[in-house]
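Before any comments, here is the structure.
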């Protein structure tokens, strides 16, 4: 790619934005796989239009405009991606067998490895990409119509100005502000319920996460729920229910988890959505541990407040986790 603006090439100007644009598309779509595809589409559209870029806005704002409109086009063809707690139903009974629902598209996790690969990001770049990708935030965004979702992300997550937001949306400042106000009214406190990002965890909270993982490996259910708050939630798409409280979560694990004893489960820590996460592997009859669920954990004020377990082997691959564990 040799087209230039002055002495800078398209690649030099836009490549550093790829990670944060992936996070942006994920916030809009709630799907890691679709976000990856839309970033590719964004760069293709930008490359084709680069000859007409006149520098009246920053390259970053210009790229966000293309990415946002690429996402808005995609959202015309799909519905929202909820978690089970977003379906408007009461908590599930942990003694009733869980039921898969593959008829809908569920919210997906965003493993950090997708954003950064094997590289260690610059702290400033990481802060931009991690802002607003926690599961609770992205789940809250799913309740918004697409243009309101975009306005809220651009203004409240990415801290763009009203003028930059209007440019990205291709509308007037007044229209962008109106969409933002409606979005804020709909989401309410939903954007503020997220767990801490990994770099925000205290030493005590890191220890809590370690205890959580070790308790599963021992299959010590009381120890699992001991690190949780009394009103902690547990959900695991594509199973269509969610569970609230230590007692319900203990009953769910104790009666419906296929593990039965120590080391039936093994936990491999990772980072997803900027949060502490782990690949949970289940031992099969042949003794081999294979992917079971990728769990993403909300830790707030020294305790686990929410767990989402994704039964999706593709999430393991995106996180760079192995297809099986050696003994």
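Tabulated results
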| item | result |
| --- | --- |
| Filtered residues of region 300-321 (kept if out of contact with any strand residue (DSSP E or B) (no Cβ under 6 Å at 6 or more places or on another chain), in contact (Cβ under 8 Å) with a residue 12 or more places away in the chain and more than 19 Å from residue 256 (Cβ to Cβ)) | 300, 302, 314, 320 |
| Residue check for residue 244: in contact with a strand residue (DSSP E or B) (Cβ under 7 Å, 6 or more places away or on another chain) and within 19 Å of residue 214 (Cα to Cα) | no |
| Meets criteria (exposed (fewer than 15 other Cβ atoms within 10 Å of the Cβ), in the same structural domain as residue 87 (by TED's automatic domain parsing) and either touching a residue at least 60 places away in the same chain (Cβ under 8 Å) or farther than 30 Å from residue 87 by Cβ (or both)) for residue 185 | no |
| Count of residues meeting criterion [within 11 Å of residue 205 (Cβ to Cβ) and in a loop (DSSP other than H, G, I, E, B)] in region 276-304 | 2 |
| Lone unmet requirement of (1) surrounded by fewer than 22 Cβ atoms within 10 Å (Cβ to Cβ); (2) in contact with a helix residue (DSSP H, G or I) (Cβ under 6 Å, 6 or more places away or on another chain); (3) at pLDDT 95 or above for residue 269 | (2) |
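Results for (1) surrounded by fewer than 23 Cβ atoms within 10 Å (Cβ to Cβ); (2) more than 17 Å from residue 71 (Cα to Cα); (3) at pLDDT 90 or above, shown as yes or no for each residue.
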position: 152; (1), (2), (3): no, no, yes
position: 155; (1), (2), (3): yes, no, yes
position: 168; (1), (2), (3): no, no, no
position: 171; (1), (2), (3): yes, no, yes
position: 174; (1), (2), (3): yes, yes, yes
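The values are calculated or read from the model by the stated rules, or taken from the named source; none is laboratory data. Everything numeric in this text was worked out from a predicted model, so none of it was measured. Quick reminder, even Gly has a Cβ in these numbers, built from the backbone with ideal geometry, and neighbours come from all protein chains shown.
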